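The values are calculated or read from the model by the stated rules, or taken from the named source; none is laboratory data. Just so it is clear, the structure is predicted and the values come from calculations on it, not from any experiment. Here Cβ is always computed from backbone atoms with ideal geometry, including for glycine, and neighbour counts include all displayed protein chains. Only protein heavy atoms, including side chains, enter the accessible area calculation; ligands, DNA and RNA are left aside. Shrake-Rupley method; radii C 1.70, N 1.55, O 1.52, S 1.80 Å.
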Amino acid sequence: MADESFDLVGCLERVRRRDQVAARQLVEHLYPLVSRIVRSHLPRRVAEEDLAQDIFLKMFTRLEQYQGHVPFPHWVSRIAVTTCIDQLRAQKRRPEFRWADLSENEAEVLDNVITDERDVLPGDALAARELVQKLLGQLKPDDRLVIQLLDLEQKTIAEISALTGWNQTLVKVRAFRARRKLQKLFQELQSKEKS
C-alpha cells in the first residue's frame, strides 16, 4: 500500500467495534488495491465501481472470518479475485465468436498476423489488445484469469497460486489448457476468415 503510516491493525479493531470513520478509512486505504484487481479482471458490462462496492461489502460481512494468518491486503485481494471470477461465471456469453464481431482495425491486425505480410504497426496496438481481450472473453472465467495473471500481468505460478488458492500444479494445468483453447479459437477465427 502507498500509505506506510496507516495503522491497519488499529483500524481493523475500530471497524470491528462498528466505527464508521474507521470503516471509511479502511476502504480508502484498500481502494487502490481493489480497483487495480477489478480493472484487470473486469467482466464485460459490469461497472468498475459496482464490482468494487460488492468486494468491500463482502469484506465487511466476512471480517469476523479474518484470523490474521495472511496479511489483510492479501485476504482482501483474494476476495476481489474470487468476486471477479464469480461475476464472470454469472455472465451469459455468446457461444460463438465470428470474424464479423471484429472491428475493421482488429480484422486487419488479425489478417496481418495470419498472413505475416507486415509487422503490426504501433497504431494497431490498440486493435491487437482489443482482439486479445475478445479472444480471452471466449474462455471460461478460470481459464481467462490464469492467462491474464500469467501471460499478461507476468505473475509467477506461486503468486497465482497464492491469489487464487489453487495449488501450483492446477495453475500450470489450467494455463496449458487455456492456451490450447485460445489457440483453437484463433484457428477457428482464421478458418472463418478464409472461407
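Counting only helices (runs of 4 or more DSSP H) that sit wholly inside the stretch 2-73, those with at least 2 residues that are within 18 Å of the chain's Cα centre (by Cα) and loosely packed, with under 15 Cβ neighbours inside 10 Å are 20-41, 48-61.
Put simply, of Ala107, Ala128 the only residue that is over 30 Å from Tyr66 (Cα atoms), of a type in the set (Gly, Ala, Ser) and either assigned to a loop (DSSP other than H, G, I, E, B) or modelled with pLDDT under 60 (or both) is Ala107.
Anything in the stretch 8-35 that is out of contact with any helix residue (DSSP H, G or I) (no Cβ under 9 Å at 6 or more places or on another chain) and of a type in the set (Asp, Glu)? List them, or say none.
Initially, the stretch 8-35 is screened for residues out of contact with any helix residue (DSSP H, G or I) (no Cβ under 9 Å at 6 or more places or on another chain), giving 17-18, 20, 24, 28, 32.
The one that is out of contact with any helix residue (DSSP H, G or I) (no Cβ under 9 Å at 6 or more places or on another chain) and of a type in the set (Asp, Glu): Glu28.
Among the residues of the stretch 139-154, which ones are in a helix (DSSP H, G or I) and open to solvent by 70 Å² or more (accessible area, probe 1.4 Å)?
Keep residues of the stretch 139-154 that are in a helix (DSSP H, G or I), which gives 141-152.
Leu152, the sole residue that qualifies.
Looking only at the stretch 155-195, residues that are over 17 Å from Ser77 (Cβ atoms), at pLDDT 80 or above and not in a helix (DSSP H, G or I) come to 1 in all.
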